[in-house]
Amino acid sequence: ESNMETVSFLAKEAPGFAVKGENVVVLTEPTEYHKELCARASNVRRRAIFASLYLGTGYKEQALVDSVERNLEKFNGNLKVRFLLDYSRGTRDVKGQSSCSKLLPLVEKYKVSNLSHNKIMRLRYKDL
């Protein structure tokens, strides 16, 4: 059985789109992913949307924020940039910092950040 036959059921069950293999680059290391993410954040021309449970508070996360900020400055803030983070994880304090505090300069200067609330979890938390 070929690999395509093994996963062919996905075409019927889930949305998808065709991609030429020659246009795919496989990133095998987290450092490659981080480097690519920062490079793309530096070169975006119209909009960028970052979606994650949280951003983090380390130097790599700061490098990503710095890449976004340099690009926003280059385009005088005329880029649409959003960070979609889980509210609970994005506001979690780690050694005096959170994902939100990392994004605070961008939020104040460019109004780029969004936090997503999980309505079910918020309702349950309020019931406690």
Exercise. To the nearest 0.05, how large is the calculated FRET efficiency for residue 109 and residue 29 if R₀ is 30 Å and r is the Cβ-Cβ distance?
Worked result: 0.40
For this session: Distance between Cα centroids, the stretch 1-63 to the stretch 85-102: provide it in whole Å.
Result: 23 Å
Problem set entry | Radius of gyration and Dmax over the Cα atoms of the stretch 20-98, both given in Å | 14.1, 45
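Sort 6, 28, 57 by accessible area with a 1.4 Å probe, largest first.
Details: 6 75, 28 100, 57 40 Å².
Largest accessible area first, the residues go 28, 6, 57.
Once the piece of chain linking residue 82 and residue 66 is laid out straight, how much longer is it, given 0.36 nm per residue of separation minus the C-alpha distance between them?
Details: separation 16, 0.36 × 16 = 5.76 nm, distance 1.44 nm.
Result for the pair: 4.3 nm of gain on full extension.
Quick check: with the 1.4 Å probe, what order do 87, 54 take by accessible area, largest first?
Details: 87 95, 54 120 Å².
Most to least solvent-accessible, the answer reads 54, 87.
Calculate, in nm to one decimal, what residue 75 and residue 40 gain on full extension: separation in residues at 0.36 nm each, minus their alpha carbon distance. Mind dumping the intermediate values first?
Values: separation 35, 0.36 × 35 = 12.60 nm, distance 1.48 nm.
So the extension gain works out to 11.1 nm.
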For this session: Per residue of the stretch 57-63, in order, report the coupling 6.51 cos²θ - 1.76 cosθ + 1.60 (Karplus, θ = phi - 60°) as ³J(HN,Hα) in whole Hz, putting x for Gly and Pro.
Result: 10, x, 5, 5, 5, 5, 4
Seminar exercise, completed: Listed by chain and number, the residues whose amide H is under 5 Å from that of residue 112, excluding neighbours fewer than 5 places away on the same chain and using placed H, are 107
Exercise. Taking amide H positions as placed 1.01 Å from N in the peptide plane, with prolines and chain starts having none, which residues 5 or more places from residue 48, or on another chain, fall under 5 Å of its amide H?
Worked result: 80, 81, 82
Exercise. If you plug each phi of the stretch 70-79 into the Karplus form 6.51 cos²θ - 1.76 cosθ + 1.60 with θ = phi - 60°, what whole-Hz ³J(HN,Hα) values come out, in order, with x for Gly and Pro?
Worked result: 4, 5, 4, 5, 4, 9, 6, x, 8, 10
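The values are calculated or read from the model by the stated rules, or taken from the named source; none is laboratory data. Computed from a predicted model, the values in this text were never measured in an experiment. Note that we place each Cβ from the backbone using ideal geometry, even for glycine, and neighbour counts take in every protein chain shown. The area values use the complete protein model at the heavy-atom level, side chains included, leaving out ligands, DNA and RNA. Shrake-Rupley method; radii C 1.70, N 1.55, O 1.52, S 1.80 Å.
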